[in-house]
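Heads up, the thing below is written out as structure tokens.
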Amino acid sequence: MKNHVLSVMVLLLIITGCHTSASFILPPDTELIINDEKVAFESKDDEGRPKYERTPFFWTSIIGIEYMLVQNDKVIKKDRLPSSFRIASIFWPPYAYIYWPVGFNFDCYDLSDINKEFYEKCPATGTALKK
């Protein structure tokens, strides 16, 4: 029984240590580019907003994760998403601590108004804008 519980705990640690994710609300007909890579949304969160999952970020993203909003091949906003140190990386030495200790700070980023700053939480009752 102890081995089974230990196996499950190790598996959960592996799963949580391998990725970081966040949901986004974007302006209509806008593409999101994070760290010079176009984001492909492959899933949705509980509210139906596009969700992006990826491997965690390197130490250079500790000051913020670079992003751009592109509309009609023009950059309409360029900034940094708030990031945070991932506690799970402490339990994955040396690789996680060295190579991917940074993740998204918030579960959801509302980027729908390019003139506003970030919101920690997206509106729970709002409808996500679809591409």
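The values are calculated or read from the model by the stated rules, or taken from the named source; none is laboratory data. Because the structure is predicted, anything quoted here is derived from the model rather than measured. Note that each Cβ is placed from the backbone with ideal geometry, even for glycine, and that neighbours are counted across all protein chains shown.
Every residue, every condition in (1) modelled with pLDDT of 85 or more; (2) not charged (D, E, K, R); (3) not in a strand (DSSP E or B), yes or no:
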{"residue": "Leu12", "(1), (2), (3)": "no, yes, yes"}
{"residue": "Ile33", "(1), (2), (3)": "yes, yes, no"}
{"residue": "Val75", "(1), (2), (3)": "yes, yes, no"}
{"residue": "Lys78", "(1), (2), (3)": "yes, no, no"}
Filter pass, Ile63 being assigned to a loop (DSSP other than H, G, I, E, B), aliphatic (A, V, I, L, M) and either at pLDDT 80 or above or loosely packed, with under 15 Cβ neighbours inside 10 Å (or both): yes
